[in-house]
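**Q** My questions all concern the structure below.
The values are calculated or read from the model by the stated rules, or taken from the named source; none is laboratory data. Source: prediction; values computed, not measured. Neighbour counts run over all protein chains shown; Cβ positions are idealised from the backbone, glycine included. For the accessible areas, the whole protein counts, side chains as well, though only heavy atoms, and no ligand, DNA or RNA atoms are used. Shrake-Rupley method; radii C 1.70, N 1.55, O 1.52, S 1.80 Å.
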Amino acid sequence: MTQLPNIPPFIESNDREYHDSGVQSTVAIAGHPLHPLLVTFPIAFLSGAAGADLGYWLTGDPFWARAAIWLIGAGFIAGLVAALTGMLDFLRIDRVRKHSAGWIHMTGNITAMVLTLINWALRWNNVEGAILPVGLIISTIVASLLAIGGWFGAELIYRHKVAVIGDSSRYEP
């Protein structure tokens with residue numbers, strides 16, 4: 001049997017969960033959970049917005065300002081869809097709510113979505129003027145929150161076996 005690694009105290013570990021077959025997602029198509037698929041879009045869009053803000057800061061080219069507002073809008077809309085599927089799992093799967101990883105993942109991502117909406121609203125009629133410094137700061141915070149939230153989402157999947165089914169060898173017989 002594999003021994004669990006020595007991990008920091010803010011990451012919970014449960015040997016029983018680590019080795020069990022997992023809990024199915026409540027929002028899935030043909031057994032494939034939708035939340036892990038959908039989160040890739042807001043992560044990409046909102047991380048890209050931080051990069052576009054940086055591009056505007058470094059070059060002053062209005063292209064980057066226009067790209068950023070479109071990325072923020074797309075990231076917010078995609079984030080709402082991803083948040084809906086995640087919230088359904090959060091409410092329906094006890095294992096998610098019983099671990100700090102579930103709460104950190106949820107609150108961090110909700111905070112990122114609220115900041116994204118604020119960032120989008122600030123830029124709505126002031127595409128270039130809202131970037132420096134406030135827009136860039138918000139975009140950087142959002143990208144950081146998404147990285148942290150993603151880490152704890154992965155904790156739920158890989159350590160606590162939420163939406164991962166099967167406890168078999170990775171090698172075929």
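**Q** Taking the chain as a Gaussian network, where each spring joins two C-alpha atoms under 10 Å apart, which residue of 58, 145, 156 fluctuates the most?
**A** Maximum among the listed residues: 58.
**Q** Another question, if that's okay. Work from the charge dipole of the stretch 34-158 (Cβ charges, +1 for Lys and Arg, -1 for Asp and Glu, about the Cα centre) and give the residue of 63, 105, 44 farthest towards its positive end.
**A** 105
**Q** Consider the candidate values [x] 1.19; [y] 1.50; [z] 1.08; state which one is Cα Rg over 2.2 N^0.38 Å computed from the structure displayed.
**A** So the structure-derived entry is [x].
**Q** Follow-up. Once you mark the chymotrypsin sites (Phe, Trp or Tyr not before Pro) that are in a DSSP loop and have at most 14 other Cβ atoms within 10 Å, what is the longest gap between them in the chain?
**A** So the longest stretch without any such site is 11-123.
**Q** Separate question: How far is helix 100-123 tilted, in degrees, relative to the longest principal axis of the Cα atoms in the chain, given as a value from 0 to 90 rounded to the nearest 10?
**A** 10
**Q** Highest GNM mean-square fluctuation, the chain, Cα pairs closer than 10 Å: which of 137, 43, 69?
**A** Of the options given, 137 has the highest mean-square fluctuation.
**Q** With all protein chains present, how much of the accessible area of the chain (probe radius 1.4 Å) comes from carbon and sulfur, to the nearest whole percent?
**A** Here carbon and sulfur together make up 68 percent of the probe-accessible area.
**Q** Further question: Would you kindly derive the ³J(HN,Hα) couplings of the stretch 59-74 from the backbone phi angles with the Karplus curve 6.51 cos²θ - 1.76 cosθ + 1.60 (θ = phi - 60°), listing them in order in whole Hz, with x for Gly and Pro?
**A** The phi angles translate into 10, x, 6, x, 3, 5, 5, 5, 4, 4, 5, 5, 5, 5, x, 5 Hz.
**Q** Right, next: Which angle between 0 and 90 degrees, to the nearest 10, do you get for helix 136-154 versus the longest principal axis of the chain when only C-alpha atoms count?
**A** Tilt relative to the chain: about 10 degrees.
**Q** Using the heavy atoms of the protein chains alone and a 1.4 angstrom probe, what is the accessible area of the chain per residue in square angstrom?
**A** Ligands and nucleic acids excluded, the result is 58 Å² per residue.
**Q** Give the relative contact order (percent, whole number) for the chain; include only Cα pairs under 8 Å separated by 6+ residues.
**A** The value is 34 percent.
**Q** Ok, one more. Given a Förster distance of 35 angstrom, what is the FRET efficiency for residue 124 paired with residue 16, based on the Cβ-Cβ distance and rounded to 0.05?
**A** Calculated value: 0.10.
**Q** Hey, another quick one. Rounding to the nearest 20 debye, state how big the charge dipole of the chain is about its Cα centre with +1 on each Lys and Arg Cβ and -1 on each Asp and Glu Cβ.
**A** Using only the charged Cβ atoms, the result is roughly 220 debye.
**Q** Please build a GNM for the chain, connecting alpha carbons under 10 Å apart, and tell me which residue among 128, 155, 12 fluctuates the most.
**A** 12
**Q** Find how much the distance from residue 63 to residue 77 grows on full extension, using 0.36 nm per residue of separation minus their present alpha carbon separation; answer in nm with one decimal.
**A** Length gained between residue 63 and residue 77: 2.9 nm.
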